[in-house]
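To start, the structure under review is shown below, and the notes come after it.
Every read-out reported here was derived from the displayed coordinates using simple, explicitly stated rules and does not represent laboratory data. Just so it is clear, the model here is predicted, and its values are computed rather than measured. Every residue, glycine among them, receives a Cβ derived from its backbone with ideal geometry; neighbour counts consider all protein chains shown.
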């Protein structure tokens, strides 16, 4: 299975997937840390966090998958949502909470 297939399987098999640097308990960059805090504030319980630092193929592949150059990247029900700044904006507007509630139901 090539890297793009692995990523496709990860984002479609799980309702909420965050590609980040580090782990939710030990984020390795400020943007990844902020993304985790936003998701925690939204009450996300079933977060699948994938540490891109642990796998260079995933780290490069995820940037190609969504045609998005930065990490973290959030996927809800297989759909690319955005990075930390977009997550923050959607959270402040109340939109991210709605998207996550729909994913949980």
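Against the chain, whose longest principal axis comes from its Cα atoms, helix 56-65 is set at around 60 degrees. In the elastic network of the chain, a GNM with C-alpha springs shorter than 10 Å, the most mobile of 93, 28, 40 is 93. Between the Cα long axis of helix 84-93 and the first principal axis of the chain there is an angle of about 20°, rounded to the nearest 10.
Peptides 29-36, 52-59, 77-84 ranked from most to least packed give 29-36, 77-84, 52-59, packing being the mean of other C-beta atoms within 10 angstrom over each peptide's residues.
The long axis of helix 95-104 is offset from the longest Cα principal axis of the chain by roughly 70 degrees.
Computed log10 I(q)/I(0) for the chain at 0.11 Å⁻¹: -0.28, from the Debye equation with unit scatterers placed on every C-alpha and solvent omitted. In this rough spin-label picture, where each label sits 7 Å from Cα along the Cβ direction, the residue 29-residue 79 distance is 2.5 nm.
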